[in-house]
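Here is the structure we will look at.
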Amino acid sequence: MYKSAQEPNDLEKFFVERANAGEVEGLVALYEPNAVVSYGDGKVAIGLNQIREFFIKFVAKQPQFDPSNQSAALCSGDIALTSSRTNNGDITAEIARRQPDGSWLWVVDQFAL
């Protein structure tokens, strides 16, 4: 079982940790069941199965990430916009939703490659 995000910006921190460790299931655990991930050139993964397929290929490249420069999460009730700038200047944008247990999961992710 993976630690859950208690704040929207925890998701990015967990993403970096899990991506660096090659933990596909840990990455998938950051998303709601019907989440959407855009990962470049008009490609979109919809739902956990497609997101998992994307991350299997992604971690096979053994990427390593430094912690990104996160903007403060912009929250409206149970919805939050999260965004960060990577060290190479890429910008990510995600929409997270508070879950019934109070944790947060991403619903929409504009993935920076």
Here are some conditions: (1) in contact (Cβ under 8 Å) with a residue 12 or more places away in the chain; (2) in contact with a strand residue (DSSP E or B) (Cβ under 7 Å, 6 or more places away or on another chain). PHE58 meets all but one. Which one does it not meet?
-> (2)
Just one of ILE95, ILE56 is farther than 16 Å from GLU25 by Cα, of a type outside the set (Phe, Trp, Tyr) and out of contact with any Lys or Arg (no Cβ under 6 Å at 6 or more places or on another chain); which is it?
-> ILE95
If we keep only residues of region 34-47 that are modelled with pLDDT of 90 or more and within 22 Å of ASN9 (Cβ to Cβ), then the residue surrounded by the fewest Cβ atoms within 10 Å (Cβ to Cβ) is SER38
Of all helices (runs of 4 or more DSSP H) completely enclosed by region 3-100, which ones contain at least 1 residues that are over 12 Å from PHE111 (Cβ atoms) and among the aromatic types (Phe, Trp, Tyr)?
-> 10-21
Reported set for region 73-102 where residues are modelled with pLDDT under 95 and surrounded by fewer than 17 Cβ atoms within 10 Å (Cβ to Cβ) is ARG85, THR86, ASN87, ASN88, GLY89, ASP90, ILE91, ALA93
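The values are calculated or read from the model by the stated rules, or taken from the named source; none is laboratory data. This structure is a prediction, so every number in the text was calculated from the model and none was measured. All Cβ positions, even for glycine, are placed from backbone atoms using ideal geometry, and neighbour counts span all protein chains on display.
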